[in-house]
Amino acid sequence: VQLQASGGGSVQAGGSLRLSCSASGRTFGNFIMGWFRQPPGKEREFVAAIMWSNSRTRYADDFVKGRFTISRDNTRDTVYLQMNNLEPEDTAVYYCAADFDININMSPERYDYWGQGTQVTVSS
């Protein structure tokens, strides 16, 4: 599986961005795509993920707060992360990741496939 992420950029606080990640290769079965982020000087953390077979989703418990929505387009093998009401604390490199599992894991070690990061910068 190969992943190609896009859509990062710079916005002011309160703005919105939509990240996209396209997958190529095996995307059937217990396929999961998700997003992680790595703020400056911090470890990589889970943002959201979606299961391809049934669109079941999982979000980070703390900072998402209903501001982010993950969705997928099976016809394009693409996952999206719509981020609204962005805050400076959302500044990070965002990574697309994929896994095959029956459960959506939040640990980056459980994901076998990674796309390149895309920078999101939110200014106050």
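Some observations on this one:
- Answer from Gln82, Gln116, Gln12 - the residue that is modelled with pLDDT under 95 and open to solvent by 50 Å² or more (accessible area, probe 1.4 Å): Gln116
- Residue in the range 16-29 that is on the phi > 0 side of the Ramachandran plot and at pLDDT below 95 present: yes
- For beta carbons closer than 8 Å, sequence separation of 6+ or different chains, a first residue in the range 92-117 that is farther than 17 Å from Ser22 by Cα and a second that is open to solvent by 70 Å² or more (accessible area, probe 1.4 Å) and of a type in the set (Phe, Trp, Tyr), there are no qualifying pairs.
- Taken over the range 72-91, residues that are more than 19 Å from Val1 (Cβ to Cβ) and free of Cβ contacts under 8 Å to residues at least 24 places away in the same chain amount to 0.
The values are calculated or read from the model by the stated rules, or taken from the named source; none is laboratory data. In this text, all values refer to a predicted model and were calculated from it rather than measured experimentally. All Cβ positions, glycine included, derive from the backbone under ideal geometry; neighbour counts span all protein chains shown. Surface areas here come from the heavy atoms of the whole protein model, side chains and all, with no ligands, DNA or RNA. Shrake-Rupley method; radii C 1.70, N 1.55, O 1.52, S 1.80 Å.
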